[in-house]
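Undergrad: Questions regarding the structure given below will be posed in turn.
Since every read-out is calculated from the coordinates, none of them should be taken as a lab result. Since we're looking at a predicted model, the values are computed, not measured. Backbone-built Cβ (ideal geometry, glycine too); neighbour counts: all protein chains shown.
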Amino acid sequence: MINGFALLLLLGFSVGIVLLVRRNIVSQKRSDLLSLAAAGTFVERANAGRVLRSLRARTVAALAVMALGGAAALVLHAEYPGAAGLPLAAAPACMWILASLVFVAWRLPHEFSDISPESSLHTSAELTPRSTGMFGPAWGIVMPAVLLGASAAGLILAGILSGPDERGRFRNLPYVSAGGAELDQNMVVAQVQLGAGSIGPFPGWYYGLPVLALLLLGAGLGLWALSSNARRPRMRGLRLRAFDDAVRTNVGYVISTGFSAMLCFQVAPLLLFAASALHGSGMNAPYVVGQVLDEGRVPGMTADPLLSALAMAMAVVALLLLIVGAVLLVRLLGWVGATVRPLRFPATAGAIA
């Protein structure tokens, strides 16, 4: 009954993810930051150019630290094979934490020494408070929250089901199966014997606790970065209002899309490990009381149909998450590309870069 409910839950989760990608993520539209920046005066265009250069440098720095984090994970995996793949298992979350630290620590400029007297004399305040999820996709908070909640629940459940390996690390899945038989002198099965076993790798506490801690830390840093992006003081100059909003929206999409993609790539391999272990734990030798066995003959192994179906569903969800992660990564590169274009305004606007 529990396995059947889990199967339905996984299928419903898959359908929801597909609908979300189809209706919201693929239809994202990006504003042209250069066109919006060119709408101001010469001084305002110069200040907008400074913001774009800072945004571009910060984005490149975030990509660089992510690449360094991935390389470090590969080096640690090669240097410490006894860690049983833990550096690689936690690599996506660690890479995101490094990138989000860049977003949190690197503030975009908003005050400039060459602000015109006309702009400095006019101050304004918005009546609508700016919230964390105001800039960015509509799903930017909901989807990562759902993925994070499902990931946390799955890791905790896997930890509860896990058991120790030969070195005492909780990275195996214990199981009980009808793996033996007691025979009489005529080679007739007199009694089916239950046997205990353990199979791995399985995302138990050994993998789950570090990954869960890193995911929670990454989520906190991501929310911090989104909050800082929303509450950053506005640039002075009414003509740059649309540009300022577009910059905030770009940052919001990059953070939300990046965190969601990281969750997909973080969870999918662990789901595949769990599916493989679950399928292996359902393999049994089909001994039947009264069955006559030829000497030395062992019945072929059969799979538990419900466990096999559950393992297959988990593998399908993992594959779906990898596809969604790839789609998010492509969209993320598009938003990143909008900030790394050369800063050349139209000839009528004047070049500032």
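Undergrad: For Phe42 and Ala83, what does the FRET efficiency come to when R0 = 41 Å and r is the distance between their Cβ atoms, rounded to the nearest 0.05? Working shown, then result.
TA: Values: r = 57 Å, r/R0 = 1.40.
With a Förster radius of 41 Å, E is 0.10.
Undergrad: Work out, step by step, the length gained on full extension between Ala309 and Ala105: first 0.36 nm times the residue separation, then minus their alpha carbon distance; give nm to one decimal.
TA: The Ala309-Ala105 span can extend by a further 68.8 nm.
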